[in-house]
Structures are given as structure tokens and as C-alpha cells.
Ligand SMILES: Cc1ncc(COP(=O)(O)O)c(C=O)c1O
């Protein structure tokens, strides 16, 4: 009965389902792209200090110190930065700032399905932009949708594939009557670092970049991210956020994490090295693996046994992400595969050992 009080846009959708988060220990957890390494020791010290500080007082609603630090890393003034409770909050703020009910958002498919859930909640329409089988863009095929879209969301590097598209590709995706959101959740894992160059390109005035501290700074448990764009856009987005969207502890941790670039770079480098080893070994085991610029790899097999392998790994307490994207190909074909987070070397050794056993027992039977 109470269902009749619920907005139809909410009632009609299933809601976004995040990856499994087992709360007990003993798992090799390679399913939600967390960083396997702890955050900088400076983060722990800053948190301790913040806990002993003034928790009875509201935090700075504009998160000015954090915005100044994040801006500095991009060579930009603080008014180019909107700090938020993780990237996901900035994605919600973007939707609420730019998209009226009935307007269109678009995003590549397969990619991050949350964009679609957020559009549903806003009463907006969404269209999926098909990619070629090698994950490249067919710009002529998507132009018609881009021309009608208010917001286009593009994760770069993409998830689940891990590939990174060029700035030229991205500039072609800026909608003529809207804004391109480049979701750079995995940007720090790219071989060549980039920080805001796109915003300075012709067309960059209608681009918003989003970054998170969940991945490269090992702070998924804290919830801290930020958007970077021209101050005119950021000022409007700021009106939409909650007054105190970043709490004192997240701000203290986030600031200390950004302040320790050496720690972040060292661990991102480790992850890149483990990623290369994982990719090579998975290929030897018969998987096709996309060259990844992120902290995960997308692995598929010609025999299509992805779900089975996921289950067999889970039985050995190794958790990877089985992903299935219906209607991802022209003509209606689906795409599925395994998205595997790059863990520590020891975790990846365990995964590879388990995979070798699973594949050997499949050959025997
Ligand atoms: C493409 C992409 N964007 C955003 C996020 C969410 O980041 P956050 O933890 O900052 O909300 C994720 C998390 O997995 C992601 O894969």
C-alpha cells in the first residue's frame, strides 16, 4: 500500500548493485578495484589528529584547503574544484545540476552502469553508445545521440575494459548542447600521467573531470573525490551539493593523502608492474586480455566459461567480478567476462595458482 507514495521513477528501477563486499576476512578480494596497499602513514596521523580535534564543530562547507591542494595538483585555482563524498556523489550532483526530467544522457556501453541508475532517478532518458569489439569509438555511429544529449559520461580509463581513449576521441564526444563528464576514477594508473590537459583544449570549457581517492590513494573506506572544471560550472554544481558533503575526517584524510604524492606514485607504480605480470600470465593461460591502463584487467575466453571460472574461484575464496552486458553488440549479442582487480603480488600469485588448477581440472574432465 505504501508503494503508492513512492515516486514511480524510484519504484520502477531495481537500484544499482555494487560488487560483493564480504565482511569476514580470509578472502582474496579482487572484485571492486580497491587498492591492496594501505594509505599513506600521513593519512593515519591526520585522522588521529582530526579525531582528537573538534568533531563537535561542522567542517568547512567549501572544503577550501582540500580544493586548494587538489587544484594545485592540476595547476588550477581552487574555484576549479568541487570536493565531494566520493566520485559517485559528484556524478549525482552533475545529474541534478544539468539534466531536467525527460532530457537525455548518454554513456559508452559496456561501462559504468551507475550512470543509467542516476538518470532513472532523475527521470531522465538514457542511451547507450555502442563501442566496437576492440573498445574503440565509431564516432559516426554515435554522433546522432551525442547531438541530442545533455550530459555524456565517459569513464577514462574505461571500466570494465581498462583501455584509455585519446583526448581526440573525447573531444569528439562533447555534446553540442551539453557537457562531457570524463570519469577519471582510474586516471592515476595510466602509464603517462595526465592532469587536466583536456580542460585546456578547445572544447574543454564544457568538460568536467571527476577524480576519486578511493583507488589510487587507497581510501575507498573514507569516501572522498573531487570534480575539476571551469569555475562557472563548478559554481553551479556547488549549489546542488549538501552543505556539509565532506565530513571532517574525510577532509583530513583526503588532504593528507593528496599531500603525499610520493606514496601514491610508488604504489601506483607497483600496481602497474603487477598488472603487466598478471596480463602476461593470463594470456599464457588462454585468456584474451585488453591492455589495461587501470588497476584491473578485463579477461575473456573463447570457450566462454567466465561464470563457471568465477564460481570456481569463489569456492577457493578468491573473489573476482563476473560481468555480463546484454545487447552490447550491434545485432543484440551480449558481452561477458571477468574483471580482475590488480592486487598485491602475493594475491595475484594465489589467483593465478587457483586459475591454473581450475583450468587443468577442466582439461582433465
Ligand atoms: C568508473 C567509476 N567511476 C566512479 C566510481 C566510484 O568512485 P567513488 O568510490 O569515488 O565513489 C567507480 C568505482 O568503482 C568507478 O568504477
Out of 338, 285, I need the residue that is surrounded by fewer than 18 Cβ atoms within 10 Å (Cβ to Cβ) and in contact with a helix residue (DSSP H, G or I) (Cβ under 9 Å, 6 or more places away or on another chain). Which one? 285
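Out of the residues in the range 96-114 that are away from the ligand (no atom under 15 Å from the Cβ) and either in contact with a strand residue (DSSP E or B) (Cβ under 8 Å, 6 or more places away or on another chain) or part of a loop (DSSP other than H, G, I, E, B) (or both), state the one that is farthest from residue 13 (Cα to Cα). Full working, then the answer.
Pass one, the range 96-114, residues away from the ligand (no atom under 15 Å from the Cβ): 96-104, 106.
Subset that is either in contact with a strand residue (DSSP E or B) (Cβ under 8 Å, 6 or more places away or on another chain) or part of a loop (DSSP other than H, G, I, E, B) (or both): 98-104, 106.
Values: 98: 21, 99: 18, 100: 18, 101: 15, 102: 16, 103: 18, 104: 17, 106: 18 Å.
Step by step, filter the range 96-114, then rank; the result is 98.
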Is there a residue in the range 262-283 that is more than 20 Å from the chain's Cα centre (by Cα) and closer than 30 Å to residue 55 by Cα? yes
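Yes/no matrix, rows are residues, columns are (1) under 21 Å from residue 88 (Cβ atoms); (2) not in a loop (DSSP other than H, G, I, E, B):
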| residue | (1), (2) |
| --- | --- |
| 118 | yes, yes |
| 141 | no, yes |
| 163 | no, no |
| 181 | yes, yes |
| 223 | yes, no |
Check 212, 117 and return the single one that is within 14 Å of the ligand (Cβ to nearest atom) and surrounded by fewer than 20 Cβ atoms within 10 Å (Cβ to Cβ). 117
It is to be established whether one or more residues within the range 263-275 are at pLDDT 95 or above, in a helix (DSSP H, G or I), surrounded by fewer than 20 Cβ atoms within 10 Å (Cβ to Cβ) and in contact with a strand residue (DSSP E or B) (Cβ under 8 Å, 6 or more places away or on another chain). no
Need the failing condition index for residue 93 against (1) more than 21 Å from residue 323 (Cβ to Cβ); (2) in a helix (DSSP H, G or I); (3) touching a strand residue (DSSP E or B) at 6+ places or on another chain (Cβ under 6 Å), just the number. (3)
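The values are calculated or read from the model by the stated rules, or taken from the named source; none is laboratory data. Only a predicted model underlies this, so the values are computations on that prediction, with no experimental measurement involved. Please note: Cβ atoms are built from the backbone with ideal geometry, for glycine as well, and neighbour counts cover all protein chains shown.
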